[in-house]
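Novice: Take this structure, written in structure tokens, and hold onto it; I'll ask about it next.
The values are calculated or read from the model by the stated rules, or taken from the named source; none is laboratory data. Not measured: the values here are computed from a predicted model. So basically every Cβ, Gly included, is an ideal-geometry build from the backbone, and we count neighbours across all protein chains shown. Remember, those area values only see protein heavy atoms, side chains included, never the ligands or the DNA or RNA. Shrake-Rupley method; radii C 1.70, N 1.55, O 1.52, S 1.80 Å.
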Amino acid sequence: FFLMIRRPPRSTLFPYTTLFRSHVDETPWYQNGDLRWMWVLVTATTTVFHIGSRRKEELTTLIGEAFLGWLVTDGYLAYRDHPRRQRCLAHLIRKGLALAEGYYGAGSGFGRDLVRDLRRLIERVHDGEGGDTRAVKRLMARIKWNCQCNRDEFEKKVRELAGEILNDWDAVVAFVWDPNLPPTNNEAERALRHAVIARRISFGTRTDEGSRFYAAALSVIDTCRRRGVETWGYVGSLIAAARASLPPPAIPTRAVA
């Protein structure tokens, strides 16, 4: 599949962070009844799916060892060694909401305050306020202080969420300092949505070959969509090249007018 995708040329139309930013996520997948994981990596012009284990080596397979751009991820430990990373705040807000609504019997005050402050932080940065403004500094200090005050709380879920934010603090607030970084990982989550629905209907794949084909097909379809390329037309060119024993054509970087 990688032979089909050309790296887009450098362009002044895209800021550095946008051009070298990847959204990564993973979800359970089943192959012949055995638990596997479907990974997805999404950039501005390319989507790559991969079915394998949940080991950190699978992430290296996706992004390569030389990738120095930004990753937008959830809190899975496999991502934490990457030097440039933005945590998905939507995940943290959902955990805070669960506490605020009393799902664990305690921690409602911590969860309520955390959700309120994270949402306000996102709104202020979206409105153009940076990390050097007084209001944003105050919000970040309040979030951090709230977590520090609750990292030894009796309720386990409160301790875990407070510690998770403090241990990953730089990634939680990275978007404050770079307005081109999104505060959520919606791009990757949306890319996985159809695969999750298909998993519920079909219960996954049966063989290694089937898993490779399914991941490659999803990659081609979503990459064509991102680049504005008509999928069936490109698939037709793939089949024609295979019948003629020619190398597979690369997916065009943009649709031909």
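Novice: Using only the alpha-carbon atoms, what does region 38-167 span along each of its principal axes? Please give whole angstrom values in decreasing order.
Specialist: 41, 35, 21
Novice: Assuming R0 = 22 Å, what is the FRET efficiency of Ile239 and Phe213, from their Cβ-Cβ distance, to the nearest 0.05?
Specialist: According to the calculation, E is roughly 0.95.
Novice: Taking θ as phi - 60°, what are the ³J(HN,Hα) couplings along region 25-39 by the Karplus curve (6.51, -1.76, 1.60), each to the nearest whole Hz, with x for Gly and Pro?
Specialist: Couplings: 8, 8, 8, x, 9, 10, 10, 6, x, 8, 6, 10, 9, 9, 9 Hz.
Novice: Here's another thing I want to ask about it. For region 20-65, state the semi-axes of the equivalent ellipsoid (square roots of 5 times the eigenvalues of the alpha-carbon gyration tensor), sorted largest first and rounded to whole angstrom. Provide the component values of the computation, followed by the final result.
Specialist: Working: eigenvalues 87, 26, 10 Å².
For region 20-65, the ellipsoid semi-axes come out as 21, 11, 7 Å.
Novice: Assuming R0 = 30 Å, can you tell me the calculated FRET efficiency for the pair Ile197 and Thr253, based on Cβ-Cβ distance, to the nearest 0.05?
Specialist: 0.55
Novice: Through the Karplus equation 6.51 cos²θ - 1.76 cosθ + 1.60, θ set to phi - 60°, convert the phi angles of region 155-165 into ³J(HN,Hα) values in whole Hz; use x for Gly and Pro.
Specialist: 5, 4, 5, 5, 4, 5, 5, 4, x, 4, 5
Novice: A follow-up question, please. Projected area of region 108-211, taken from the Cα convex hull and averaged over every viewing direction, in nm²?
Specialist: Averaged projected hull area, Cα only: 9.7 nm².
Novice: Sketch the reach of a paramagnetic label on Arg55 as a point 7 Å from Cα along Cα-to-Cβ, and name the residues of region 68-83 whose backbone nitrogen lies under 20 Å away.
Specialist: Counting backbone N atoms under 20 Å from the label point, the list is 76-82.
Novice: What order, most packed first, do the peptides 132-143, 67-78, 43-54 have when packing is the mean number of other Cβ atoms within 10 Å of each residue? Before the final figure, lay out each step's value.
Specialist: On the way: 132-143: 14.6, 67-78: 17.2, 43-54: 19.8.
By packing density, highest mean first, the sequence is 43-54, 67-78, 132-143.
Novice: Fully extended, how many nm does the chain gain between Glu65 and Asn167 (0.36 nm per residue separation, minus their Cα-Cα distance)?
Specialist: Roughly 34.3 nm would be gained on extension.
Novice: Right, something else. Could you compute the net charge surrounding Gln86? Neighbours are other residues with a C-beta less than 9 Å from the C-beta of Gln86; K and R count +1, D and E count -1.
Specialist: +3
Novice: When the Cα centres of region 66-127 and region 203-247 are compared, how far apart do they sit, in Å?
Specialist: 35 Å
Novice: Okay, next question. Arrange the residues Glu153, Glu65, Glu57 by how much accessible surface each exposes, largest first, with a 1.4 angstrom probe.
Specialist: Working: Glu153 70, Glu65 170, Glu57 110 Å².
These residues rank, largest area first, as Glu65, Glu57, Glu153.
Novice: Another question, then. Once the Cβ-Cβ distance between Ala44 and Lys156 is put in as r, and R0 is 35 Å, what FRET efficiency do you end up with, to the nearest 0.05?
Specialist: So, using R0 = 35 Å, E works out to roughly 0.30.
Novice: Return the long-range amide H neighbours of Gln86 (sequence gap of 5 or more, or a different chain), with a cut-off of under 5 Å between placed amide H atoms.
Specialist: Leu71, Val72, Thr73
Novice: Now for a separate question. Can you tell me the relative contact order of the chain? Whole percent, Cα pairs under 8 Å, sequence separation 6 or more. Working shown, then result.
Specialist: Working: 364 pairs, mean separation 67.1, N = 257.
Relative contact order for the chain comes out at 26 percent.
Novice: Mind ranking 31-39, 192-200, 171-179 by how tightly packed they are, going by the mean number of other C-beta atoms within 10 angstrom, highest first?
Specialist: Put in order of decreasing packing, that is 171-179, 31-39, 192-200.
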